[in-house]
1. Identify, among 22, 50, 147, the residue whose Cα sits farthest towards the positive end of the charge dipole of the range 1-180, taking +1 on the Cβ of Lys and Arg and -1 on the Cβ of Asp and Glu, with the dipole about the Cα centre.
2. Using only Cα positions of the range 1-180, each an equal point scatterer, no hydration layer, compute I(q)/I(0) via Debye at q = 0.09, 0.17 Å⁻¹ and quote the log10 values to two decimals.
3. Provide, for the range 1-180, the number of lysine pairs with alpha carbons under 26 Å apart, each pair being eight or more places apart or on different chains.
4. Going by how many other beta carbons lie within 10 Å of each one, how would you line up 232, 166, fewest first?
5. So what are the radius of gyration and Dmax for the Cα set of the chain, in Å?
6. If you filter the range 24-93 for trypsin sites (Lys or Arg not before Pro), then keep DSSP loop positions with at most 10 other Cβ within 10 Å, what is left?
7. Using a Förster distance of 25 Å, how high is the FRET efficiency between residue 223 and residue 295, based on the Cβ-Cβ distance and rounded to 0.05?
8. How many nm separate the modelled label positions at residue 82 and residue 284, each set 7 Å beyond the Cα in the direction of the Cβ?
Amino acid sequence: MMKKNTPVKWWLVSVATMVFLMVFIGGVTRLTDSGLSMVDWRPIMGVIPPLNEASWQKTFEAYQKYPEYKLINSTMTLEGFKKIFFWEWFHRLFGRLIGLAYFLPFVYFLVTKRLSKDQTRKYSIAFILGGSQGLLGWYMVKSGLVTNPDVSHFRLAAHLSLAFLIIAYIYWLILELDFNRKDELERNNTKTTIPLAFLFFLVLQIIYGAFVAGLDAGLTHNTFPKMGRSWIPQGLFEFSPYYINFLENPVSIQFVHRYLGYFVFVLGVFTAVKLFKTSSVQLSRSAIALVIALVLQVVLGVLTLVWYVPIWTASMHQLGACLLLLITTRTLFFSHRTALDIS
């Protein structure tokens with residue numbers, strides 16, 4: 001391992017940890033219905049919250065002009081508004097902190113020439129992705145400020161998916177720093193087909209998880225293993241044309257998320273078995289981690305469902321999806337490499 005890269009590595013680890021926490025904060029913001037409490041986007045001045053009662057009243061009056069207050073929260077008091085405002089404000093503030101935590105050390109490492117040309121290019125991509133996430137977040141919020149007091153579940157899925165992409169990309173960069181010497185790695189014949197197939201269906205499941213959150217589909221059937229009294233619930237094809245059901249119908253969305261989850265679990269265990277049979281110590285470790293994460297994710301998913309989507313289990317379920325993606329990223333990194341010396 002190249003010691004000179006240690007500061008760069010810990011910088012990336014710190015940013016990845018912050019993004020992981022951001023996934024949790026974003027989940028809580030969504031689950032507490034706080035996302036539409038800030039009705040404007042001020043990249044600089046938005047850091048400062050209301051500081052006195054007059055400012056709070058003015059901010060609350062601005063919120064009262066929008067559909068969420070008029071259609072859902074018309075009886076909300078100023079004190080109640082302060083609670084939901086906090087989570088959205090903190091969500092945006094933490095996003096800005098992540099940007100600073102990335103940008104300032106990045107500039108320092110550039111100025112001190114600690115980064116190669118290849119690293120500069122790759123780390124610049126990460127910065128662009130982070131900036132795009134901020135813009136996408138506001139684009140998502142805007143969808144709930146027009147007529148329907150709910151953000152678009154498509155935009156929510158895009159926002160969550162980009163967050164997962166960012167943390168997976170940064171983790172890949174960390175792995176490159178940890179295993180960057182040619183005498184530490186060699187190519188082997190391990191096929192990546194199965195891990196890639198698992199990644200595809202995992203990403204699809206994550207997207208459907210965002211659809212479930214965006215449409216509150218987790219509240220339609222809160223029984224397990226059946227949906228109500230049957231395996232295939234009524235109302236699965238209420239919308240027309242039929243394919244729209246799998247994009248818009250909450251019952252169909254939960255149905256897909258459930259049964260796709262079963263498939264992802266089985267495919268994940270199959271993938272882990274294949275990885276464990278390889279000669280790579282790193283892949284064997286990834287296989288064990290994958291099975292543990294899959295079991296925890298299924299348990300959290302079931303508890304979230306039957307307990308009517310409590311905030312803490314739903315938040316942990318979202319973090320579990322992020323953890324699965326990171327393990328899969330690690331698996332793909334090592335699936336065509338064998339670590340010879342990781343000391």
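Readers should treat all values here as calculations from the given coordinates under stated rules, not as data from a laboratory. Here the structure is a predicted model, which is why all the values come from computation and not from measurement. So basically every Cβ, Gly included, is an ideal-geometry build from the backbone, and we count neighbours across all protein chains shown.
1. Farthest towards the positive pole: 22.
2. -0.38, -1.02
3. 22
4. Ranked by crowding around the Cβ, least crowded first: 232, 166.
5. So, for the chain, Rg and Dmax equal 22.0, 67 Å respectively.
6. 65
7. 0.75
8. Label-label distance for residue 82 and residue 284, simple model: 5.8 nm.
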